[in-house]
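Below is one structure, written out as structure tokens; the observations come after it.
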Amino acid sequence: MGIFSKLKSALSKTVKLLNTDVRDLFKSSGRLVDESFLDELFSMLIKTDMGVVAAKDIVDEVHKQFRGRVVQFPEVIDVLKFKLKQLMEQPLTPINFAPNNPTIIMICGVNGSGKTTTIAKLTRMFTAAQKKVILGASDTFRAAAVEQLTIWAERLGAEIVTGQSGSDPASVAHKAVARTLETGADICIIDTAGRLQTQKNLMMELEKIRRVLGKLVPEAPHEVILILDATTGQNGVSQAKHFTESVKCTGIILAKLDGTAKGGVAITIKKQMNIPVKFIGTGESAEDLEIFDPDKYVDALFDEV
Ligand SMILES: Nc1nc2c(ncn2[C@@H]2O[C@H](COP(=O)(O)OP(=O)(O)OP(=O)(O)O)[C@@H](O)[C@H]2O)c(=O)[nH]1
Ligand SMILES: [Mg+2]
């Protein structure tokens, strides 16, 4: 599958909501833009979890351009696309590599958001670019977590640094960075245990991991990436706020976009947070990662099925 069709199929639930359901608001003769039309459009946009502010912006624009007129579906879609692209505009921001090796990347997020799988996807992308990757298994909380990352490391040809089950995750992170320097590897990615943004102690543990990463490489971590499960929609925004406050996230990867009609959440994040969405996860395998490109994203949302 080409990149665009893969993206489109990942977003298919959101696409259905926007494309098919919005189309259903129109009769073949078009539709009068009045209060009831605008209300219906608003509720439909809200269902994508783009947030009230963005949805209102879009509805206001449709109102401004078409009030009192009978319009056809494509005219309204053009306004939606234009407005969404404007709302989501951001430069492409893939990984911020260290000017001099190595680049240290820390991954965090709530339980089950897709952290370990996303690490596999990033590793695959880096090794395909001939970069040597070391993985730090700082999720020492669950024995199965180390096992899961070990399987990916073997499959993808990356080295993994582990610690005893239940040992200090920060010490494993330190060991991983040390091993990265020792082997001259290009990139070190630290997996962390899932935690709720409201668990104070666990958030402090995350801060400690972050601090330790800078001990051997002063500018590290170069990236602190928050993995958000797109299916949680608006909830993700409050997670993002808390994580950013404690570990200063530099970017977001939106995982599991393939399973949800809440693809609009990318818009809220852009609007409310000052951190870029860097990649999106479009499936469970190591290939299912795409650079987040707002233009392509919006086109995929409205491309006819
Ligand atoms: N469909 C889909 N599933 C995904 C995606 N990313 C991860 N998953 C699945 O989500 C589940 C949890 O993924 P993990 O990578 O183990 O999540 P985690 O954040 O490491 O979980 P904890 O370490 O337990 O906090 C697994 O079944 C993954 O296969 C994605 O982009 N799309
Ligand atoms: Mg994990």
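The values are calculated or read from the model by the stated rules, or taken from the named source; none is laboratory data. Quick caveat: nothing in here was measured; it's all calculated off a predicted structure. So basically every Cβ, Gly included, is an ideal-geometry build from the backbone, and we count neighbours across all protein chains shown.
Among the residues of the range 138-164, write down those that are assigned to a loop (DSSP other than H, G, I, E, B) and either under 19 Å from residue 121 (Cβ atoms) or not charged (D, E, K, R) (or both). Even if it seems obvious, please write down each step before you answer.
Residues of the range 138-164 assigned to a loop (DSSP other than H, G, I, E, B): 139-142, 157-158, 162-164.
Selection gives 139, 140, 141, 157, 158, 162, 163, 164.
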**OP:** Using the structure shown, decide if residue 130 is modelled with pLDDT of 95 or more, closer than 22 Å to residue 285 by Cβ and assigned to a helix (DSSP H, G or I).
**Re:** no
Original post:
Going by the structure shown, is residue 253 under 15 Å from residue 92 (Cβ atoms), within 16 Å of ligand 2 (Cβ to nearest atom), out of contact with any His (no Cβ under 6 Å at 6 or more places or on another chain) and at pLDDT 90 or above?
Top reply: yes
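Being within 23 Å of residue 9 (Cβ to Cβ) and either touching a strand residue (DSSP E or B) at 6+ places or on another chain (Cβ under 7 Å) or of a type in the set (S, T, N, Q) (or both) is the requirement here; does residue 295 meet it? Spell out the reasoning first.
Numbers: within 23 Å of residue 9 (Cβ to Cβ): yes; either touching a strand residue (DSSP E or B) at 6+ places or on another chain (Cβ under 7 Å) or of a type in the set (S, T, N, Q) (or both): no.
No.
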Subject >> Among (1) in contact with a helix residue (DSSP H, G or I) (Cβ under 9 Å, 6 or more places away or on another chain); (2) farther than 23 Å from residue 8 by Cβ; (3) within 15 Å of ligand 2 (Cβ to nearest atom); (4) not hydroxyl-bearing (Ser, Thr, Tyr), the one test that residue 229 misses >> reply: (2)
Original post:
In the range 150-162, how many residues are of a type in the set (Gly, Ala, Ser) and surrounded by fewer than 20 Cβ atoms within 10 Å (Cβ to Cβ)?
Top reply: 1
Original post:
Is there a residue in the range 194-208 that is closer than 24 Å to residue 96 by Cα, surrounded by 21 or more Cβ atoms within 10 Å (Cβ to Cβ) and more than 15 Å from ligand 2 (Cβ to nearest atom)?
Top reply: no
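In the list 81, 64, 121, which residue meets the criterion of being within 16 Å of ligand 2 (Cβ to nearest atom) and either aliphatic (A, V, I, L, M) or more than 22 Å from residue 238 (Cα to Cα) (or both)?
Values: 81 fails: within 16 Å of ligand 2 (Cβ to nearest atom); 64 fails: within 16 Å of ligand 2 (Cβ to nearest atom).
Only one candidate passes the filter, namely 121.
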Subject >> Number of the exception - residue 167 against (1) away from ligand 1 (no atom under 16 Å from the Cβ); (2) assigned to a helix (DSSP H, G or I); (3) farther than 26 Å from residue 252 by Cβ >> reply: (2)
Original post:
Do you know which of the residues in the range 190-248 that are of a type in the set (S, T, N, Q) and touching a strand residue (DSSP E or B) at 6+ places or on another chain (Cβ under 7 Å) is nearest to ligand 1 (Cβ to nearest atom)?
Top reply: 192
Original post:
Only one of (1) part of a helix (DSSP H, G or I); (2) under 20 Å from residue 111 (Cβ atoms) fails for residue 180. Which number is that?
Top reply: (2)
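Out of 92, 122, report the one residue that is over 21 Å from residue 241 (Cα atoms), surrounded by 19 or more Cβ atoms within 10 Å (Cβ to Cβ) and of a type outside the set (Val, Ile, Thr). Even if it seems obvious, please write down each step before you answer.
Numbers: 92 fails: surrounded by 19 or more Cβ atoms within 10 Å (Cβ to Cβ).
122 is the lone residue from the list that is over 21 Å from residue 241 (Cα atoms), surrounded by 19 or more Cβ atoms within 10 Å (Cβ to Cβ) and of a type outside the set (Val, Ile, Thr).
Starting from residues that are crowded, with 17+ Cβ neighbours inside 10 Å and assigned to a helix (DSSP H, G or I), keep the ones in the range 48-62 and report whichever is nearest to the chain's Cα centre (by Cα). Working first, answer last.
Initial filter on the range 48-62 (crowded, with 17+ Cβ neighbours inside 10 Å): 48-51, 54-55, 57-59, 62.
Within this subset, residues satisfying the condition of being assigned to a helix (DSSP H, G or I) are 54-55, 57-59, 62.
Numbers: 54: 18, 55: 20, 57: 23, 58: 23, 59: 26, 62: 29 Å.
Ranking the qualifying residues of the range 48-62, first place goes to 54.
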Original post:
Among the listed residues 130, 164, 148, which satisfies the condition of being over 30 Å from residue 18 (Cβ atoms), within 16 Å of ligand 2 (Cβ to nearest atom) and free of Cβ contacts under 8 Å to residues at least 60 places away in the same chain?
Top reply: 148
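Return the only residue of 77, 105 being closer than 26 Å to residue 41 by Cα, crowded, with 16+ Cβ neighbours inside 10 Å, away from ligand 1 (no atom under 14 Å from the Cβ) and not basic (Lys, Arg). Steps first, answer last, please.
Numbers: 105 fails: closer than 26 Å to residue 41 by Cα.
Matching residue, one of 77, 105: 77.
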